[in-house]
Amino acid sequence: MAGFASRQFQRVKRLGSKVMREPHYALGRFATVRDVYSTLNGLKDVVVRTTPLRIGDLYKPANSTVEVARSAHVIASRSAAEQVEEMRRHAYSPGPQLDGAALATLQEQARSLPLHVNDKPVGHYTALSESRGKFAIVTVQDSSRLAMIREIAGDAFLYEAASLFLGYRPRQVSSWLFWSLANRLSAEQRRDAAQTIDYHYDVDGFNFLYANFYLLDTTARNGAHALIAGSSRRKRLGHLLGSARLADAEALQTYGRDSERTLEGPAGFGFLEDASCYHKALPPETGDRLMLQLRYQ
């Protein structure tokens, strides 16, 4: 019992230290904090009638503004309210999808534009044949400057969904256009490369919504996204105070095997996600995965 109390004390101590250094990462994991943050920003929206949507690359400062308008490239089969309601229950909601023109443009750009790993250039996709075994993930840098991504990021449907889920008009959106590469890297090598192949939850600020799009046909064999449905607001205290990562066995034991979802879909398939849930990327085996992720805050 003393050992358990000591571990809990150490967890609280580490979290307290995290609060001082990165308050959003430490506090944004708590649903109550996210709710209060949403309420305060919603009240701010009542006073400030217009809020520009700024865009930047993932983990980079938002450096420009995008226009919010209906895009012909984002195809929705349900209302934003219906999808947000489903996401509140299950932490994800399939849809909307991208049209063929968007897919063709983004596929071509992902193959022809320079790729980076940790901000270091590694060449183009077509030239990765000799070095692909070194990398788990390669990123199209400055993707937020691409006209197609800016149009998708400012799409009125996605903006409405983000506003409904967050409880306020999003202030910024981050773009991440990236390849997950099929090769013989071990699980440990993929972890060392910061590829999230283990269940974990994100704390990307005090509140956030992800819109994810597969740009190639994607199955469990080439890097599909997996998640634990309903886990975004149902975490044990120890999981909130400790590491955001959870071993697969513990995740399934905690939430039940029936809660696990593997999201497969054709090129263009999209899904909205509350990334406060436990989720992970399956290591690609038979082919590369190309994905666009937009994070609204």
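The values are calculated or read from the model by the stated rules, or taken from the named source; none is laboratory data. The structure displayed is predicted, hence computed values, not measured ones. For neighbour counting, all protein chains shown are included, and Cβ atoms are generated from backbone atoms with ideal geometry for every residue, glycine included. Heads up: the accessible areas ignore ligands, DNA and RNA and are worked out on the full protein's heavy atoms, side chains in. Shrake-Rupley method; radii C 1.70, N 1.55, O 1.52, S 1.80 Å.
In the set (1) under 19 Å from the mean Cα position of the chain (by Cα); (2) among the charged types (D, E, K, R); (3) on the phi < 0 side of the Ramachandran plot; (4) open to solvent by 40 Å² or more (accessible area, probe 1.4 Å), Arg70 fails one condition alone, (1).
Whether any residue in the range 106-115 is in contact with a Ser or Thr (Cβ under 9 Å, 6 or more places away or on another chain), modelled with pLDDT of 95 or more and within 16 Å of Arg295 (Cα to Cα) is what I want to check. No, every residue in the range 106-115 fails to be in contact with a Ser or Thr (Cβ under 9 Å, 6 or more places away or on another chain), modelled with pLDDT of 95 or more and within 16 Å of Arg295 (Cα to Cα). Scanning the range 230-244 for residues that are open to solvent by 20 Å² or more (accessible area, probe 1.4 Å) and among the small types (Gly, Ala, Ser) returns a single hit, Ser243.
If you go through the range 123-171 and keep only what is assigned to a loop (DSSP other than H, G, I, E, B) and closer than 23 Å to Ala101 by Cβ, you end up with His124, Asp142, Leu146, Gly154.
When Leu227 is tested against (1) closer than 18 Å to Arg88 by Cα; (2) buried (at least 19 other Cβ atoms within 10 Å of the Cβ); (3) at pLDDT below 95, just one condition goes unmet, and that condition is (3). Say we look at the range 45-67 and pick out the residues that are under 27 Å from His116 (Cβ atoms) and without any contact (Cβ under 8 Å) to a residue 60 or more places away in the chain; which of these is most open to solvent (accessible area, probe 1.4 Å)? Checked the range 45-67; the qualifying residue most open to solvent (accessible area, probe 1.4 Å) is Pro61.
Of all residues in the range 140-189, those being within 15 Å of the chain's Cα centre (by Cα) and closer than 19 Å to Pro61 by Cα number 8. Counting only residues that are open to solvent by less than 40 Å² (accessible area, probe 1.4 Å) and farther than 18 Å from Ala136 by Cβ, the range 108-121 holds 1 of them. Scanning the range 77-97 for residues that are in contact with a Leu (Cβ under 7 Å, 6 or more places away or on another chain) and open to solvent by 50 Å² or more (accessible area, probe 1.4 Å) yields a single hit, Ala81. With a requirement of 2 or more residues that are touching a helix residue (DSSP H, G or I) at 6+ places or on another chain (Cβ under 7 Å) and modelled with pLDDT of 70 or more, the helices (runs of 4 or more DSSP H) lying completely within the range 1-73 that satisfy it span 23-27, 31-47. Within the range 151-170, being in contact (Cβ under 8 Å) with a residue 60 or more places away in the chain and out of contact with any helix residue (DSSP H, G or I) (no Cβ under 7 Å at 6 or more places or on another chain) holds for Glu151, Ala153, Gly154, Asp155, Ala156, Leu158, Tyr159, Ala162. Checked against (1) charged (D, E, K, R); (2) open to solvent by 10 Å² or more (accessible area, probe 1.4 Å); (3) assigned to a helix (DSSP H, G or I); (4) within 26 Å of Asn118 (Cβ to Cβ), Arg190 meets all criteria but (2).
In this structure, does Ser174 turn out to be modelled with pLDDT of 95 or more and assigned to a strand (DSSP E or B)? Judged against the criteria, Ser174 is a match.
In the range 29-40, the residues that are closer than 12 Å to Asp274 by Cβ reach residues that are surrounded by 13 or more Cβ atoms within 10 Å (Cβ to Cβ) with C-beta atoms within less than 6 angstrom, at least six apart or across chains, in these pairs: Ala31/Arg233; Arg34/Asn207.
Residues of the range 234-283 that are within 16 Å of the chain's Cα centre (by Cα), of a type in the set (S, T, N, Q) and over 22 Å from Leu181 (Cα atoms): Ser276 alone. For Asn183, all conditions in the list (1) open to solvent by 10 Å² or more (accessible area, probe 1.4 Å); (2) outside any loop (DSSP other than H, G, I, E, B); (3) in contact with a helix residue (DSSP H, G or I) (Cβ under 8 Å, 6 or more places away or on another chain) hold save one; what is the number of the exception? Evaluating Asn183 over (1) open to solvent by 10 Å² or more (accessible area, probe 1.4 Å); (2) outside any loop (DSSP other than H, G, I, E, B); (3) in contact with a helix residue (DSSP H, G or I) (Cβ under 8 Å, 6 or more places away or on another chain) leaves (2) as the failure.
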